[in-house]
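The structure under discussion appears below in the form of structure tokens.
The values are calculated or read from the model by the stated rules, or taken from the named source; none is laboratory data. All values derive from a computational prediction rather than experimental measurement. Here the Cβ is made from the backbone with ideal geometry for all residues, glycine too, and neighbour counts use every protein chain on show. The protein model used for the area step is the full one, side chains on, heavy atoms only, and it has no ligands, DNA or RNA in it. Shrake-Rupley method; radii C 1.70, N 1.55, O 1.52, S 1.80 Å.
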Amino acid sequence: MNIVAKLLGTLASLLTGWVGSKIVGALWQKTTGEHPPSVTNPEKQQQATLGKVLVFAVISGASAACIQALTKRWTRGLERRVAKH
């Protein structure tokens, strides 16, 4: 059963990471009125100032780290519950 918990954790991590990047991109666009300067948008990344690219990278990295930590905690909790049964 540990394998099932790990698979669920991996799927949850991928899904929440994707959702998190979409949320950060949408918030960036709503706040600045511009498309985010991300790797998925290379034209905008090349046109953006270095400051904007750095700010976007910091925000994206921080949100990704939080999502990863929360997902790992959830997975560990799930593994403990499965191990009890």
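Here are some residues: T49, T10, T16. Which one is of a type in the set (S, T, Y), out of contact with any Phe, Trp or Tyr (no Cβ under 7 Å at 6 or more places or on another chain), within 30 Å of R80 (Cβ to Cβ) and modelled with pLDDT of 90 or more?
T16
Each row is one residue, and each column tells you yes or no for (1) in a helix (DSSP H, G or I); (2) open to solvent by 50 Å² or more (accessible area, probe 1.4 Å); (3) polar (S, T, N, Q).
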site	(1), (2), (3)
L7	yes, yes, no
V24	yes, no, no
H35	no, yes, no
V53	yes, no, no
F56	yes, no, no
S63	yes, no, yes
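If the Cβ limit is 6 Å and pairs must be 6+ apart or interchain, which residue in the stretch 44-66 that is polar (S, T, N, Q) pairs with which residue that is part of a loop (DSSP other than H, G, I, E, B)?
Hits for this filter: Q45/P37.
Condition check: more than 15 Å from the chain's Cα centre (by Cα) and either modelled with pLDDT of 95 or more or open to solvent by less than 50 Å² (accessible area, probe 1.4 Å) (or both). Does A83 satisfy that?
Criteria not met by A83.
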